[in-house]
1. With the checklist (1) farther than 23 Å from A:Tyr44 by Cβ; (2) modelled with pLDDT of 90 or more; (3) assigned to a loop (DSSP other than H, G, I, E, B) in hand, flag the one item B:Ile34 doesn't pass.
2. If I filter the stretch A:225-249 down to residues being buried (at least 24 other Cβ atoms within 10 Å of the Cβ) and of a type in the set (S, T, N, Q), which single residue comes out as farthest from A:Ala47 (Cα to Cα)?
3. I'm told A:Gly385 meets every condition in (1) within 25 Å of the chain's Cα centre (by Cα); (2) more than 14 Å from chain B (Cβ to nearest Cβ) except one. Can you identify the failing condition by its number?
4. Being surrounded by fewer than 24 Cβ atoms within 10 Å (Cβ to Cβ), within 24 Å of B:Glu65 (Cβ to Cβ) and at pLDDT below 95 narrows it down to one of A:Arg449, A:Arg407, so name that one.
5. Report yes if some residue within the stretch A:423-442 is of a type in the set (A, V, I, L, M) and surrounded by fewer than 21 Cβ atoms within 10 Å (Cβ to Cβ); otherwise report no.
6. Does the stretch B:138-152 contain any residue that is part of a helix (DSSP H, G or I) and over 18 Å from B:Lys7 (Cβ atoms)?
7. Can you give me the ranges of the strands (runs of 3 or more DSSP E) entirely in the stretch A:1-120 with at least 3 residues that are farther than 27 Å from A:Ile596 by Cβ, more than 14 Å from chain B (Cβ to nearest Cβ) and modelled with pLDDT under 95?
8. Quick one: in the stretch B:77-96, of everything that is out of contact with any Cys (no Cβ under 9 Å at 6 or more places or on another chain) and in a loop (DSSP other than H, G, I, E, B), which residue is farthest from A:Phe51 (Cα to Cα)?
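The values are calculated or read from the model by the stated rules, or taken from the named source; none is laboratory data. Quick caveat: nothing in here was measured; it's all calculated off a predicted structure. Note that each Cβ is placed from the backbone with ideal geometry, even for glycine, and that neighbours are counted across all protein chains shown.
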Amino acid sequence: MAAEDLPSEFDVVILGTGLAESVVAAACSRVGQRVLHLDRRSHYAAAWASFTFNGLLSWIQQHHEESLPEAAPDWSSLLQEGEELIYLSGSDSGFIANLQVFCYTSEEDEEEEAAPPADTTEEEKSDNKTDEEEVEKQEEKLEEEEQEEKLEEEEKQEKLEEEQKEEPDEVRRRTSNPVALKLIESLNASHLVQSQTDHTQGAEPEEDQPHPSVTPSQPEPRKKISYAQLVKEGRRFNIDLVSKLLYSRGSLVDLLIQSNVSRYAEFKNVTRILTYRHGNVEQVPCSRADVFASRQLSVVEKRKLMRFLTSCMEDTEEHQAYKERPYLEFLRDQNLGENLQHFLLHSIAMATEDTPTEAGLASTRHFLRCLGRYGNTPFLFPLYGLGEIPQCFCRMCAVFGGIYCLRHSVSCLLLDSHTNRCKAVIDSRGQRISCSHFVVEDGFVGADRKKVATPTRLLSRAVLITDSSVLLSDSDQQVSIVTVPPIEAGSPAVKMVELCPSTMTCIPGTYLVHLTCQASGSAHQDLSPVVTKMFNTPDSPEQGERPSVLWCLYFNMADGSGVEVEGHDLPSNVYVCSGPDGDLGHERTIKQAEFIFHKILPDEEFCPPAPNPEDIIYDGESSTATGEEEKQEQEEEQEEKQDEGKQEEKQEEEEQQEEEQDVETHEEEQKEEKQEASE
Amino acid sequence: MAIRELKVCLLGDTGVGKSSIVCRFVQDHFDHNISPTIGASFLTKTVPCGNELHKFLIWDTAGQERFHSLAPMYYRGSAAAVIVYDITKLDSFQTLKKWVKELKEHGPEDIVVAIAGNKNDLGDIREVPMKEAKEFAESIAAIFIETSARNAVNVEELFQKISKQIPPLENAEVDSNESFKLTRQPAPSTRRCC
């Protein structure tokens, strides 16, 4: 795994691995563009990332670090005549603010050299630009340190392994937790022992991570999962920074299917739509079957609801009459009753009281169209979390020859003074890489180059690890969306998604709960009132039969909905991708990616289906190998020639077969299939 | 006979012959100039094992290992991983430990691991002694085999060994909300076209 220089010529260079960038990368690579896809971070998916529990703790830590600002390196020496430099912003961490962590579960781990049991609530100053830059620098420094540590680790490794051979019994004795014990046993068996056993020995740098906040144990029988266990089984969590769902007939699902990127991911149906009302969580009947099975609705209500849902699919004069007026008003005039009105407004249209009728009806129709495609609700959730989706598109890009390099950035653009186009980029190591188009995540564009921005809007997010579901049912493997209308006048409407362990995002015995709303204050100010009402925390006015929060994180993130692709003070062949917005679906992002793709390649098809695995034939004639491989293979070839001719004969036969089974014909077949299917 | 789909992910340094091994296994073909995995999401081959059929879905790194940028999704749901090194390149064996570590970090807990020393047709320029590699494999309870994708040596055997180590299917818990792949076929109730 020796460090290698990047190739220096590409058609499209893309910085940032968020969803929009990744879709553009896949689309360009798919139609034959040479794509270089970079991210300064060590993980994929940028603001769309999902983290293991420990990964999330490190991420939190990074955003808490402070460090001294550092000047960007001066690359002006690399300039040729008629060229100008545009520096990119070195910081990408500006999209996060107001991080706060609370741990409400007990430490409860004997071998742990107890972290100070103080209720340490960590706070961070919001929108302080220098802070952000500092954090950024610190991250770089951290990465360097990490690498050094890794080297040291390797040296230590052999030594450690020997030690571990002698020590398993001791480790076993010190570990009371059966799960951890099992883990350690299996680790010892495989001699791959690193972090976990080191953890018990208290010697691993990874474990110096923050114990962001640990309160003294709260004696309550229900709380069985300790903080130590969350850390120990941390790798089984996949905690998304963004909380969204896929509409089963939304543009992301369509794109996944159309491009065959869907092969790389698995999904689960969201099984329930819930709403919070009068202090209770209730299930919202939305499919025909639900409506009829519902015990909350009277026969009259059922009939009314069915009639309403049927009628709203078609545009009527009555709808037109209410066009500009609030949807709530329209609903009121339907005499549906308070129950139905609540369900229709908050859970089905997911509208607020001011949403105009036109928009309310449009989202109601979208909701209804999405019912029944895969399940009884309109929504899907990807196994292992949303962070999988950008990675899937990245893989598609790589499969068609795109080159990937994490921990690698672009520090500036080279501008041709005559054409005002970006002709090359200079990477973080000072390498000049030529390109015809440059796509960049919004966070890397300096504020001075951005189109005069209205004050950046923020989203408020909370992530909870809880010990049971907000609404108990026959199955403990429910995936639920909960709409929480403003709990008092002036507070925001909150969207909540509760994930069960079978989504592979949390460990058995826990649920992962995401809350999202438009920010009016800090995330904690916006969301903690909802959390304390719906869950048991030490701040809850009374402890009821509700799930308890074991651990939670609040933060604000930038709302990407205000960022435009064009119109910035940037060359015409530079396109800006916005980060995630506050909507439940992905429509804006997919539309944006398609828009950018057509800007780059106006005449090409956007994400045509990739061939089926069964149809791929390795075709030696047309493919090219690069660098080392090529040399190696040439050597092999020479040796091969000396070998017996038997293989050559075989090869010829196969080449003939290949001609018959050309990949392109399969693509055509697929297109036909697709048409049939859509008919 | 029941068909079981098993995802197998390939790991190892660039140029050790990962793609050649798959190509030999799936198409019984060796190509000197293959550009790894252009256009291939994964390759498939079905082999019988006991009273089951194992359909291997073999994922190649698609070059994402070149700059150490494999995505965690690459490992998801893998039943087995094949870590390949080149017996004529000591470096490629030394990085094996890194791949094992990476696999342990990102891979499923119960994954079957196989270590394949490829290019064993080039024994005269061997740099990695078989004994050393075998001992390492044993120490991590991995399958070990030396292969030659070029001469079709031990490639079938590699996958047979993997097949044997795959634990028999447990009685699948009937979960009303099982995960699924999105397909062109929208609803199960409508007519089948594929």
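1. With (1) farther than 23 Å from A:Tyr44 by Cβ; (2) modelled with pLDDT of 90 or more; (3) assigned to a loop (DSSP other than H, G, I, E, B) applied to B:Ile34, the lone miss is (2).
2. A:Ser248
3. The single condition A:Gly385 does not satisfy is (2).
4. Values: A:Arg449 fails: within 24 Å of B:Glu65 (Cβ to Cβ).
When all the criteria are applied, what remains is A:Arg407.
5. Filtering the stretch A:423-442 for residues of a type in the set (A, V, I, L, M) gives A:424-426, A:433, A:439-440.
This time we only want the ones that are surrounded by fewer than 21 Cβ atoms within 10 Å (Cβ to Cβ), so: A:433.
Checked against the condition, which is being of a type in the set (A, V, I, L, M) and surrounded by fewer than 21 Cβ atoms within 10 Å (Cβ to Cβ), the stretch A:423-442 yields at least one hit.
6. yes
7. On the way: elements: A:12-15, A:35-39, A:83-87, A:96-103.
Those strands (runs of 3 or more DSSP E) span A:96-103.
8. Restricting attention to the stretch B:77-96, the residues satisfying the condition of being out of contact with any Cys (no Cβ under 9 Å at 6 or more places or on another chain) are B:77, B:79, B:83-96.
Now restrict to residues that are in a loop (DSSP other than H, G, I, E, B): B:77, B:79, B:87-89, B:95.
Values: B:Gly77: 17, B:Ala79: 22, B:Ile87: 36, B:Thr88: 38, B:Lys89: 35, B:Thr95: 25 Å.
Checked the stretch B:77-96; the qualifying residue farthest from A:Phe51 (Cα to Cα) is B:Thr88.
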